[in-house]
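A short worksheet on the structure shown next.
Every number here is computed from the coordinates shown, using simple stated rules; none is lab data. Given the structure is predicted, the values throughout are model-derived calculations rather than measurements. Here the Cβ positions follow ideal geometry from the backbone for every residue, glycine too, while neighbour counts run over all protein chains shown.
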Amino acid sequence: MRRSLVVGNWKMNGSKATAVSLLTGLKARLAELNAVDVCVCPPFLYLSDANAQLADSAIRFGAQDVSGNGQDNGAYTGEVSAAMLSDAGCEFAIVGHSERREYFAESADLLAKKVECLLAEKITPILCVGEKLDDRESGLEQQIVEGQLHEIVDRLGVQVFSQMVVAYEPVWAIGTGKTATPEQAQQMHAFIRGVVSKLDPVIADKLPLLYGGSVKPDNAKDLFAMQDIDGALVGGACLDVDSFSLIIKAKESV
Ligand code: PGA
């Protein structure tokens, strides 16, 4: 049985005041978490608030990114190391979100280094993969996603997938209100599991696969009903206590 996981990606939103109110609101609403693991990923600056507010809660927290420049301190202005994230209490970190691939031109080598740095600190990388609209319209979606998985596997070996989470986020569904249908999402999740399974079926079977892209309370249940969808990576809807809680409850109820 794979554990279920719902992750909230706050992106670059909020203030100290809204961060604290969101964290305290979630803690109150999600006092009893049984079947689902929950993680929130605030901006770096509010990780210490997450650490303080969630200290006596089952809600876990993580970062939206990490430096790929090694684990030691060093002259990398603006970077935050995996060791610092660990120090701050992070258990997860998102790697290779499409917004970072697109706006910060993150290369495959850099993504693999980020994964390596996180694993060295026992932080679980949440690797994002997903095709753009053009790719899907050209029927290339599986080829693109397979390539993104191989960027990591070819550099670090399939073993790293035993310590990771993969999030399938079709770029055309992120922040657009246009969700993949449960069937489209399931098809890609099964494909991803199949790609990993060719290399190691045991690792593939245990690999948590999250769907991301306009997940909302009203579409979550149908997505979660799919066999290979183990949870969600939620953007916009995670900024609202009610919406995020309802998505988590939808996962608990399937
Ligand atoms: P969204 O974002 O839920 O706002 O579409 C998802 C994500 O980018 O992780």
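Using Cα pairs under 8 angstrom and six or more residues apart, how large is the relative contact order of the range 92-163, in percent? Working shown, then result.
Values: 64 pairs, mean separation 26.3, N = 72.
Reported as a whole number, the value is 37 percent.
So what's the projected area for the range 130-192, the Cα convex hull averaged over all directions, in nm²? List each step's numbers first, then the result.
On the way: hull surface 18.4 nm².
If I average the Cα hull's projected area over directions, I get 4.6 nm².
Below 8 Å between Cα atoms, with a sequence gap of 6+, how large is the relative contact order for the chain in percent? Walk me through the intermediate numbers first.
On the way: 482 pairs, mean separation 52.8, N = 254.
Rounded, it is 21 percent for the chain.
For the chain, report the translational diffusion coefficient in µm²/s to the nearest whole number, using Stokes-Einstein at 10 °C, 1.306 mPa s, and a Kirkwood Rh over Cα pairs.
Working: Rh = 18.1 Å.
In µm²/s, the coefficient rounds to 88.
May I ask you to compute the full-extension gain from D134 to Y103, defined as 0.36 nm times their residue separation minus their alpha-carbon distance, rounded to one decimal in nm? Write down the numbers at each step before the final one.
Numbers: separation 31, 0.36 × 31 = 11.16 nm, distance 1.77 nm.
So the chain would gain 9.4 nm between D134 and Y103.
Please list, in order along the range 240-254, the HN-Hα scalar couplings obtained from phi with the Karplus expression 6.51 cos²θ - 1.76 cosθ + 1.60 (θ = phi - 60°), rounded to whole Hz, x for Gly and Pro.
10, 4, 5, 4, 5, 5, 5, 5, 5, 4, 4, 5, 5, 8, 8
What list of ³J(HN,Hα) values in whole Hz, one per residue of the range 40-46 in order, does the Karplus curve 6.51 cos²θ - 1.76 cosθ + 1.60 (θ = phi - 60°) give from phi, with Gly and Pro shown as x?
In residue order, the calculated couplings are 10, 10, x, x, 3, 4, 9 Hz.
Checking the cross-link filter: which lysines have an alpha carbon closer than 29 Å to that of K249, excluding same-chain neighbours under 8 positions apart?
Reachable lysines: K11, K16, K27, K122, K178, K206, K216, K221.
Starting from 0 in steps of 10 Å, tell me what percent of the Cα-Cα pairs of the range 51-201 lands in each bin.
Over the range 51-201, the share of Cα pairs per 10 Å bin runs 10, 38, 34, 16, 2 percent.
Rank these for me by crowding, E99, E137, going from fewest to most other beta carbons within 10 Å. Walk me through the intermediate numbers first.
On the way: E99 21, E137 11.
Listing E99, E137 from fewest to most nearby Cβ atoms yields E137, E99.
What fraction of the Cα pairs in the range 141-254, stated in percent, has a spacing above 16 angstrom? Working shown, then result.
On the way: 3744 of 6441 pairs.
Above the 16 Å cut-off, the range 141-254 has 58 percent of its Cα pairs.
For the range 1-131, place one equal point scatterer on every Cα, skip the solvent, and apply the Debye formula. What is log10 of I(q)/I(0) at q = 0.10 Å⁻¹?
Debye intensities relative to I(0), on a log10 scale: -0.32.
Would you work out the relative contact order for the range 195-254, in percent, from Cα pairs under 8 angstrom that are 6 or more residues apart? Can you show the working numbers first?
Values: 67 pairs, mean separation 20.7, N = 60.
For the range 195-254, the relative contact order is 35 percent.
Tabulate in residue order the Karplus-calculated ³J(HN,Hα) for the range 138-145, using 6.51 cos²θ - 1.76 cosθ + 1.60 with θ = phi - 60°, rounded to whole Hz; enter x for Gly and Pro.
8, x, 9, 4, 5, 4, 5, 5
Can you give me the long-range amide H partners of R60? Hydrogens built in the peptide plane at 1.01 Å from N, cutoff under 5 Å, separation of 5 or more residues or another chain.
V38, C39, V40
Only loop residues by DSSP count here, and only those with at most 16 other Cβ atoms within 10 Å; note down the trypsin sites (Lys or Arg not before Pro) in the range 73-124 that meet that. Show your work: numbers first, answer last.
Working: sites: R100, R101, K113, K114, K122; in loops: K122.
Listed in order of number, the matching sites are K122.
Sort Y46, Y76 so that the residue with the fewest other Cβ atoms within 10 Å of its own Cβ comes first and the one with the most comes last. Provide the component values of the computation, followed by the final result.
Numbers: Y46 22, Y76 12.
Arranged by neighbour count, lowest to highest, Y46, Y76 become Y76, Y46.
For the range 66-141, evaluate the Debye formula with one uniform point scatterer on each Cα (no solvent term) and list log10 I(q)/I(0) at q = 0.22, 0.23, 0.28 Å⁻¹, rounded to two decimals.
Cα-only, vacuum Debye calculation for the range 66-141: -0.96, -1.03, -1.35.
Report the normalised scattering of the range 8-85 as log10 I(q)/I(0) at q = 0.12 Å⁻¹, calculated by the Debye formula with identical scatterers on the alpha carbons.
For the range 8-85, the Cα-only Debye profile gives -0.38.
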